[in-house]
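The values are calculated or read from the model by the stated rules, or taken from the named source; none is laboratory data. Since we're looking at a predicted model, the values are computed, not measured. With ideal geometry, Cβ positions are generated from the backbone for all residues, glycine too; neighbour counts draw on all protein chains shown. SASA here: full protein model, heavy atoms, side chains in, ligands and nucleic acids out. Shrake-Rupley method; radii C 1.70, N 1.55, O 1.52, S 1.80 Å.
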Amino acid sequence: KKAWMTATLFRDWMSSCVLPELRSYCEKERLEFKILIVLDNAPSHPFDLDELSENIKFVYLPPNTTAILQPMDQGAISNFKSYYLRRNFRELFTATEGIDNITMKTFWKNFTILDGIKYIAESWNEVSNKSMNGCWRKLWPECVHSPLKNDTNNDRITAIKEIVDLASALQVEGMEVEDIE
């Protein structure tokens, strides 16, 4: 009921935006215009989309399998978020305790979209191959490069501990392990 996307909007977006873009891409790359689109069973994904084009096949995931089939939810995203938060706290600590010795308010006032984008890029680059392998192991084991155990939590736990330490040094309240997780 609170969803912004409806079946009507999704169908319209597919027919007026996605399909022409896919057709154009296939022509540009000299590929046959045959597309497979995999969707979850959200209410906004109508089951009659095959009618939009004979060249596009829509396949719907079985109900209640999203958590199993979406490997990014199994570690990489939580690791990335931990790394991003840690990077923010490191920069905040450096700025407020360093030579500039600015206030937290000034730090955040001067924080730009470009800063955020840089932090996102740097944080994503910290997500290790080991973490990615752990995420994909259950769904697609053939793509995993090494048979090591899934240690996706170790890096995140280390990052969370560092965030707690930085928050404590900055005298930020409400930043215990449970709060960050």
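Starting with the highest mean, order 129-139, 164-174 by the number of other Cβ atoms within 10 Å, averaged over the residues of each peptide.
129-139, 164-174
Could you check the simple spin-label distance between Thr106 and Glu29, using points 7 Å along Cα→Cβ, in nm with one decimal?
So the two model labels end up 5.0 nm from each other.
Is the shape of the chain best called rounded, prolate or oblate, per the rule: a/c under 1.5 gives rounded, else a/b larger than b/c gives prolate, else oblate, with a ≥ b ≥ c the square roots of the Cα gyration tensor eigenvalues?
Cα axes put the chain in the prolate bin.
Expected output is a single nm value to one decimal: the length gained when fully extending between Thr8 and Ile77, i.e. 0.36 nm times separation in residues minus the C-alpha distance. What is it?
Answer, rounded to one decimal: 21.8 nm.
Rounded to the nearest 10 degrees, what's the angle between the helix 152-169 long axis and the longest principal axis of the chain, both from Cα atoms, 0 to 90?
It works out to around 40 degrees.
Return a whole-number percent for the relative contact order of the chain, with Cα pairs under 8 Å and 6 or more residues apart as the contact set.
The normalised contact order for the chain reaches 19 percent.
Whose amide H sits under 5 Å from the amide H of Leu39, counting only residues 5 or more places off or on another chain, with H placed in the peptide plane?
Val59, Tyr60, Leu61
Provide the net charge surrounding Val177, with neighbours chosen by a C-beta distance below 12 Å and charges set as Lys +1, Arg +1, Asp -1, Glu -1.
Result for the neighbourhood of Val177: -4.
Give the angle, between 0 and 90 degrees and rounded to the nearest 10, that separates the Cα long axis of helix 19-28 from the longest principal axis of the Cα atoms of the chain.
Helix 19-28 sits at roughly 90 degrees to that axis.
On the protein heavy atoms, probe 1.4 angstrom, tell me the percent of accessible surface of the chain carried by carbon and sulfur.
In the chain, the share of accessible area belonging to carbon and sulfur is 56 percent.
Please give, to one decimal in nm, the separation of the simple spin-label points placed at Glu122 and Asp48, each 7 Å out from Cα toward the Cβ.
About 5.2 nm, to one decimal.
State in Å² the accessible area per residue of the chain; use a 1.4 Å probe, count heavy atoms of protein chains only, and round to the nearest integer.
Result: 70 Å² of accessible area for each residue.
Determine, for each peptide in 105-113, 16-24, the mean count of other beta carbons within 10 angstrom over its residues, then list the peptides with the highest first.
Highest-to-lowest ranking by the protection proxy: 16-24, 105-113.
Can you tell me the orientation of helix 76-97 relative to the chain, as the angle in degrees between its alpha-carbon axis and the longest Cα principal axis, to the nearest 10?
30 degrees
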